[in-house]
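See below for the structure under consideration.
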Amino acid sequence: MECLFGITGKDYTLLAADTTSARSIVVMKGSEDKSRKLNDHTVMLFTGEPGDTVNFAEYIQRNIKLYKIRNDIDLSPKATANFTRRELADSLRSRHPYAVNMLLGGYDTKTDKPELFWVDYLGAMASLPYGAQGYGAYFCTSLMDRYHYADMDLEEGKELLRKCIQELKTRFIVNLPKFKVQVVTKDGVKEIEL
């Protein structure tokens, strides 16, 4: 019942995740944070089995931090996504695979471009201008396809995200009342309100 959205624009990556934690027909919690800040310019949104998601997200977050301490280099969003994909693929071939789907978004300060990566539980990865994971993908991919363009400013990106959330409220049977929205720019990660 989870939804993750990511949109890149002219100079930002906009990421949103619902805050509902549910199992079967029961809502457990309405303030679940399904995101992790991996470094100053990269955020990971995750969805999947509750134990796997938090465990895997913290594992990736700590390994990215360890890499920075050892090498004194912040990984780019692309390098972070490749590392994450490889760890997920390796776990798939072990006795304890993680059932986690992700969107990794960020801003590459070297190339001065926003980036978004879609990663699924099988270790498949794709670089996209916009994307969704979870049930939201069924409803909102066509909206993003129609209204997204490469040089969108932040207000246009926020408006597209509002349309996606409104589409979910109109068509999706499950109520997802709240989304945590973050924007990643050259200045870093910031949480915003729609």
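In whole Hz, with x marking every Gly and Pro, tabulate ³J(HN,Hα) for region 121-127 from phi via Karplus 6.51 cos²θ - 1.76 cosθ + 1.60, θ = phi - 60°.
Values per residue, Gly and Pro as x: 5, 8, x, 7, 9, 9, 8 Hz.
If you count only protein heavy atoms and use a 1.4 Å probe, how large is the accessible surface of T80, to the nearest 10 Å²?
Counting only protein heavy atoms, T80 exposes about 0 Å² to solvent.
Counting only protein heavy atoms and using a 1.4 Å probe, what share of the accessible area of region 46-194 belongs to carbon plus sulfur, as a whole percent?
On the way: 4190 of 8600 Å².
Carbon and sulfur atoms account for 49 percent of the accessible area of region 46-194.
Can you give me the C-alpha center-to-center distance between region 78-156 and region 163-181, rounded to a whole angstrom?
Measuring centre to centre over Cα atoms gives 20 Å.
Taking 25 °C and 0.890 mPa s as the conditions, I'd like the Stokes-Einstein D for the chain in µm²/s, using the Kirkwood hydrodynamic radius from alpha carbon pairs.
Working: Rh = 16.7 Å.
It comes out at roughly 147 µm²/s.
Per residue, how large is the accessible surface of the chain? Use a 1.4 angstrom probe and give square angstrom.
On the way: 10400 Å² over 194 residues.
Solvent-accessible surface per residue comes out at 54 Å².
The values are calculated or read from the model by the stated rules, or taken from the named source; none is laboratory data. Because the structure is predicted, anything quoted here is derived from the model rather than measured. What goes into the accessible areas is simple: the full protein's heavy atoms, side chains included, and nothing from ligands, DNA or RNA. Shrake-Rupley method; radii C 1.70, N 1.55, O 1.52, S 1.80 Å.
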